[in-house]
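Asks: Here it is: the structure, laid out below.
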Amino acid sequence: MKKISILAILFLVTISLIYPAPKGQWEVGFHYSYWSVNIIADPLEEAMEDSIEGFDPAKGSLDFESNGNNYGFEVRFFPGGKQGSFSLGLSYERNNFKGELSGSYQEQGGEVRAEGFFDLRPHSFNLSLRWDLWPSARVHPYLGLGFGIGPLDGLLSSRIITTFPDGTVIAEDVEEKTLEEVLNEAEDGGFSLSFFPIIHLHFGLRGEIVDNLFLLAEFALYDGLILRGGVSYRF
């Protein structure tokens, strides 16, 4: 992560040298997002199914549910100044993703109830490109795209409870594992992902409530669907 931090600082320094004030303008902001429906749900679901010992998908199924939030601080540069449409942004993000797998299947005359949980908290640096449409208007739409990477920070755990027709209950707790350990074990070691990928496609509205102070509302794909709100100030 130190290398990413150094690259981020070098990026900002380079931009400031290429586009010194007063031609360009800087903007700083804070945002918060509510997250759901993870885009990478399939590999996570497969990894968690593999971590639940004895689970047989041919005899039952697991249901996947997820939610979470994200918040971050962003520095954004507008090369064309106040009336410029294009901007480059660099943000530090803290991501909190939670999910649950639950279901049951039949095994050896009994019903097996399987549960799996994951709690992911990767932090990342994200680079984004944005285009403000009709930037001279006090309230105007924008669209953009971005990407980022972060370490595989997270924990996954699972539990199996077997109930037999005579009422006998056997509970087996499966050892808690880190996300990196589970993904490395998934698909017989064929899962080669070594970082947490961030994909960001966004569309939103922003309005200048007072001189140089903006509010924004955004709908986006951010490793899933998110609703985001934020505030920013332009220098």
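The values are calculated or read from the model by the stated rules, or taken from the named source; none is laboratory data. A quick note: this is a predicted structure, and the numbers were derived from the prediction, not measured. All Cβ positions, glycine included, derive from the backbone under ideal geometry; neighbour counts span all protein chains shown.
Asks: In the stretch 147-164, what residues are modelled with pLDDT of 80 or more and touching a Gly at 6+ places or on another chain (Cβ under 7 Å)?
Replies: Thr163
Asks: Additional query: How many of the residues making up the stretch 22-38 are modelled with pLDDT under 85 and under 19 Å from Ser87 (Cβ atoms)? Spell out how you get there, then give the answer.
Replies: Initially, the stretch 22-38 is screened for residues modelled with pLDDT under 85, giving 22-24, 35-38.
Narrowing the set further to residues that are under 19 Å from Ser87 (Cβ atoms) leaves 22-24.
Matching residues across the stretch 22-38 total 3.
Asks: For the stretch 165-176, check the following and say yes or no: at least one residue is assigned to a strand (DSSP E or B), modelled with pLDDT under 75, exposed (fewer than 14 other Cβ atoms within 10 Å of the Cβ) and within 26 Å of the chain's Cα centre (by Cα).
Replies: Taking every residue of the stretch 165-176 in turn, at least one turns out to be assigned to a strand (DSSP E or B), modelled with pLDDT under 75, exposed (fewer than 14 other Cβ atoms within 10 Å of the Cβ) and within 26 Å of the chain's Cα centre (by Cα).
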